[in-house]
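S.K.: For reference, the structure I am asking about is given below.
Throughout, read-outs are computed from the coordinates displayed, never taken from laboratory work. If you're wondering where the values come from, they're calculated on a predicted model, not measured in any experiment. Glycine gets a Cβ as well: all are built from the backbone with ideal geometry, and neighbour counts include every protein chain shown.
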């Protein structure tokens, strides 16, 4: 159960190396076209891939609805034309809604008239949605019907309903351009590479969300380089919310820039239905999505009567007894279709056992590392050189160094400022290097390893430091543990005297026991076994059970500041 302990100890030793030299990039890159602005990209792909499917969705009737690149670009042009007529050029425009075709068209159209999109996380309360839009100085909002009540206080002409009014604008704009001629509407004339394209809020797991200003070149450079070291298949399934840069940059702009097909899912209730109907060759995921997929796959295996057989085969695969021959009889196609070859996973730490099981099923699971301020991707895995605990190698043109254990980066994808927050912007850079706030290291071959967040460090009064994510990874391997957060609890003796504590949410599917005292006792025994393998200062001294799951961001990261301990 604790077999990865040695790996983590190695990671932590590496963290202590200070001010490593910037690693030289190896020739691992494919030739890719770099577009400097979004309209430049759209005009190019609209011609290059005119008849290829660009965006696919499934309606309530389960019927596939696909739009070609040619038609998609025409829709963007139509929307952009009508937005100009409404005096929306150069404005800040809030996008409020779940994943939809109209959402993507609105983002692209706004960017093509020099406007700045402000994607809003719709999991926030109504009041917070409006606050985020207003802080970013949005003068218009394009909003899905169910979120309209949040903007009752806005002038009606500034609120555009996505499914009706905006959809009509797309069609009317297309007709107007066709009638008047495209020459009268110069697509992208107000856009340069340094023009802001989006203001995106950080997830705010350890502090208040910050508004990150990303330019056209920031986002397009990153999107174009996503496949510089790994060529993806043509059919991408993206169920992740578009108001995060991981989904927007890697799951939409990246795919469009390379002429591939995206299937977007806008409702978790239809997630499994849409995956099966689309039968993707590649999909975007965060660790929680993969956990839920495995639960469904295990359910299918039970139904097929092969669960025990598959478990044994996966374990032999992990131990190398099959010489890494995939476990083909696994029931996975019943959930994910026949064509899945690759999963791109990011957003949070991925449990090693989950990764290994997908590898055992013949899936190439590629991990990446990114942060909103970097548009977002900084590194990704490389086919044939995949390392489960690593998030791959740096994208081309990105420089990195480690200072006091923290990852610092430079590159064309790095943002210039936090909106209306010059003090924090200045604090985030040192001589042009952006402080990511993440702790990690690069090995001699240029592979990047992430160990935790600098803000989460637990510091003892004797100077010792502990990265809680390291201990959480150990504890998460205990079968009864569904979620865990390690923190420094005050001993009450002095302000700076703390003890290591763990707050645990129990996985009730793993036990028939209902007595919390007995469950706690079992977990404490497992943690005591773990403690014997750890240095004294890293040993967990107290354990508490949480009555509910932890609050998380829409990318399923635990919001530590909101957890009551």
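S.K.: Bin width 5 Å, origin at 0, all Cα-Cα pairs of segment 38-233: what percent of pairs per bin?
M.R.: 1, 7, 15, 19, 20, 17, 12, 6, 2, 0, 0
S.K.: Just order 505-516, 299-310 by mean Cβ neighbour count inside 10 Å, highest at the front, would you?
M.R.: Sorting 505-516, 299-310 by mean packing, highest first, produces 299-310, 505-516.
S.K.: Here's a follow-up. Let me know the Rg and Dmax you get for the chain when you use only its Cα atoms, in Å.
M.R.: Cα-based Rg and Dmax for the chain come out at 24.2, 78 Å.
S.K.: Let me ask something additional. Helix 101-112 versus the longest principal axis of the chain: what is the Cα-based angle in degrees, 0 to 90, to the nearest 10?
M.R.: Compared with the principal axis, the helix lies near 70 degrees.
S.K.: Of the peptides 372-381, 99-108, how do they stack up when ordered by the mean number of other Cβ atoms within 10 Å, highest first?
M.R.: Top of the packing list down: 372-381, 99-108.
S.K.: In a solvent-free Debye calculation with one equal scatterer on each Cα, what is log10 I(q)/I(0) for segment 277-369 at q = 0.12, 0.23 Å⁻¹, listed in the order of the q values?
M.R.: Debye curve over Cα of segment 277-369, log10 I(q)/I(0) at q = 0.12, 0.23 Å⁻¹: -0.34, -1.29.
S.K.: Which of the three applies to segment 378-521, rounded, prolate or oblate, going by the alpha-carbon gyration tensor with a ≥ b ≥ c and a/c under 1.5 meaning rounded?
M.R.: oblate
S.K.: If I histogram all Cα-Cα distances within segment 131-195 using bins 5 Å wide from 0, what percent of pairs lands in each bin?
M.R.: Using 5 Å bins, I get a P(r) of 3, 13, 18, 17, 17, 17, 11, 4, 0 for segment 131-195.
S.K.: Compute the helix-to-body angle for 307-318: its Cα long axis versus the longest principal axis of the chain, expressed 0 to 90° and rounded to tens.
M.R.: Long axis of 307-318 versus the principal axis of the chain: about 80 degrees.
S.K.: In whole Å, what is the distance between the alpha-carbon centres of segment 39-66 and segment 342-360?
M.R.: 29
S.K.: OK, next. Packing-wise, with mean Cβ within 10 Å as the measure, how do 424-436, 75-87 rank, highest first?
M.R.: Descending mean neighbour count gives 75-87, 424-436.
S.K.: Residue 44 to residue 516: FRET efficiency via 1/(1 + (r/R0)^6), r the Cβ-Cβ distance, R0 45 Å, to the nearest 0.05?
M.R.: Computed FRET efficiency for residue 44 and residue 516 comes out at 0.15.
S.K.: Return an integer: the convex hull volume of the alpha-carbon atoms of segment 457-562, in Å³ per residue.
M.R.: 116
S.K.: Enter the Cα centre distance for the pair segment 254-324 and segment 477-517, rounded to the nearest angstrom.
M.R.: Computed from Cα coordinates, the inter-centre distance equals 30 Å.
S.K.: Test of understanding: what is the full-extension gain from residue 524 to residue 86, defined as 0.36 nm times their sequence separation minus their Cα-Cα distance?
M.R.: Value of the extension gain: 151.4 nm.
S.K.: Let me ask something additional. Assuming 0.36 nm per residue, please report the length gained on full extension of the stretch residue 497 to residue 562 beyond their Cα-Cα distance.
M.R.: Taking 0.36 nm per residue and subtracting the Cα distance, the gain is 21.2 nm.
S.K.: Could I ask something else about it? Kindly express, to the nearest 10 degrees and within the range 0 to 90, the angle between helix 38-48's C-alpha long axis and the longest C-alpha principal axis of the chain.
M.R.: It is inclined by approximately 80 degrees.
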